[in-house]
Amino acid sequence: MPDVEEKVPLKDPGDAECRSCKPETSAPTREDRSGPEAHPACLKDTVDNVSKLSNKIGMNHDFHMEEKVSPPSSLKGKVKETMHNDFWDHLKEQLSATPPDFSCALELLKEIKEILLSLLLPRQSRLQSEIEEVLDTELLRRKAEHGALNVPLLSKYILDMMTLLCAPVRDEAVQKLENITDPVLLLRGIFQVLGLMKMDMVNYTIQSLQPHLQEHSIQHERATFQELLNKQPNGEKNLSLEALGMRMPRVLARSLPVLGLLDHTTKWLTQAAADLTTPLPTCPDASDSATVACSSPNEAVGSPEPPSPTMVLSQGFLNLLLWDPANEEFPETLLMDRTRLRELESQLHQLTVLASVLLVASSFSGSVLFGSPRFVDKLKRITKNLMAEFDSRPEEAMRTVSEQVSQEIHQSLKKMGLAALSGDNTASLLGQLQNIAKKENCVRSVIDQRIHLFLKCCLVLGVQRSLLDLPGGLTVIEAELAELGQKFVSLTHHNQKVFGPYYTEILKTLIPPAQALEAEVESL
């Protein structure tokens, strides 16, 4: 079983109602997988609710479940902790009584037995029989009635079984439990680690089934979308696609609606094709030392050759990261991904500001100071901590950033025995950093264009190859760009695999006939 990242502790079984003897187990959190309504009011509302979990698994090769736990400092977290402690205190009172009361302990052992059995593979029939025999509920109950229930001995058996069944990443946690002598603390620890082991098994199963889940997700989403289109007005007017029948699911080959039902998708791709032949505006000159970034050539100047289908789709996906929230004509094929695209847009915006701040700071810090990873990380933390405030109050946020960055540069130069910034340079540094709050800022505009260029390269070449030749000013945020690029590529590639046949038909109307064969866009 592969290692699974442990980010948060699993819940204790203390969430039981009012000292109930049956604990709450750590079942994996699953999102709603409700399908489309029988008669959807509109395409958007229905698509938003279709197979969300299946979509996540299909488009993310690193997908894994994690237990969602409220922060300990939150009200909900404090209430849960109180309930947990009450439960375990109650168990301690029962076991300390004369004679001991094993009612809650028996329920815990029953729950542990069920968890251990759930961790077994089908071929482990011998272990299944052994666990059922040793932790037989009725047998343990009879022993408890006669005062012969040996909780420490049973706990030792459970720990041995956990050692046998756990993933290597849990070995240390199980070994720590062996040093606990208090039976209540031991049982509590057992439940915590068993919860992690259950999550390990879930993620192992997901990873094992990943190829099948991905293919199922693609076919299911495509068929569901086609069904929804068929229910729209004029859905009975279908376009014959016999030529594509061998490459498409039967449901789609039989009945692909006319392109009129995908008006927004068609407009989206038409705009992308037009953008590829329209040069981007050049950045105006500015009288600061960071405007050297503006001297880079315009990467999006139109080519005399007509754009290819791949170029049009890439440009279209990039345009989604600049989508006006007031524009309701969002592509029908991307409705399910709209929330994720908004998150990526926000992340891109934050990286643009971060890289702009670092680029300006580097021009005043010098190569020696800015060559220190510790110094650069400090500037990153200063800027990232104010990102939330930047969205609502950009000018105020950048004033704070400029002051803190300037102070950090002064202190670092002093520590390294380097010449301090002059008064004029300090004023220029503050001014240039504060000017980043403006959308039309030259440095910010160029960084934004270069991040978009990086994302376009990711779509064509892949993330790793694109990271090998980053545009100027982006190397300091390489790790952050890699994360953004991977998310963007995963989303767009999955979307293309699902809706490639639809895009093919639309693109055939936008490109010359000579390029029609290239318009097969099942994947980039």
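One compactness figure for segment 309-512 is 1.17, namely its Cα radius of gyration divided by 2.2 N^0.38 Å. Apply the a/c threshold of 1.5 to the C-alpha gyration tensor of segment 75-205 and tell me whether it is rounded, prolate or oblate. Oblate, since a/c reaches 1.5 and b/c is not below a/b. Rounded to the nearest 20, the Cβ-based charge dipole of segment 309-512 about its Cα centre (Lys and Arg +1, Asp and Glu -1) stands at 580 debye. Of the solvent-accessible surface of segment 309-512, computed with a 1.4 Å probe over protein heavy atoms with every protein chain present, carbon and sulfur atoms account for 51 percent.
Straightening the chain between K78 and A388 buys 109.0 nm, computed as 0.36 nm per residue apart minus the Cα-Cα spacing. Put R399, R450 in order of accessible area, highest first, and with a 1.4 Å probe you get R399, R450.
Neighbours of E396, meaning other residues whose beta-carbon lies under 15 angstrom from its beta-carbon, give a summed charge of -1 when Lys and Arg score +1 and Asp and Glu score -1. Summed over the residues of segment 367-461 and divided among them, the accessible surface reaches 52 Å² per residue at a probe radius of 1.4 Å. Taking T137, T224, T82 and ordering them by how much accessible surface each has at a 1.4 Å probe, largest first, produces T82, T137, T224. For T266, what is the net charge nearby, where nearby means another residue's Cβ is under 12 Å from its Cβ and Lys, Arg count +1, Asp, Glu -1? Taking every Cβ under 12 Å from that of T266, the sum is -2. Between Q271 and Q175, the contour length at 0.36 nm per residue exceeds the alpha carbon distance by 28.5 nm.
Comparing T163, A148, Q219 along the charge dipole axis of segment 141-229, the residue lying farthest to the positive side is A148, per the Cβ-charge model. Residue-wise HN-Hα couplings along segment 104-109, as the Karplus relation 6.51 cos²θ - 1.76 cosθ + 1.60 with θ = phi - 60° gives them from phi, are 5, 4, 5, 5, 5, 5 Hz; Gly and Pro carry x.
Roughly how many percent of the accessible protein surface of segment 75-205 is carbon and sulfur, given a 1.4 Å probe and a whole-percent answer?
Of all accessible area on segment 75-205, carbon and sulfur atoms account for 54 percent.
The values are calculated or read from the model by the stated rules, or taken from the named source; none is laboratory data. Nothing here was measured: the structure is a model prediction, and the numbers come from that model. Here the Cβ is made from the backbone with ideal geometry for all residues, glycine too, and neighbour counts use every protein chain on show. Protein only, heavy atoms only, side chains kept; ligands, DNA and RNA dropped before computing areas. Shrake-Rupley method; radii C 1.70, N 1.55, O 1.52, S 1.80 Å.
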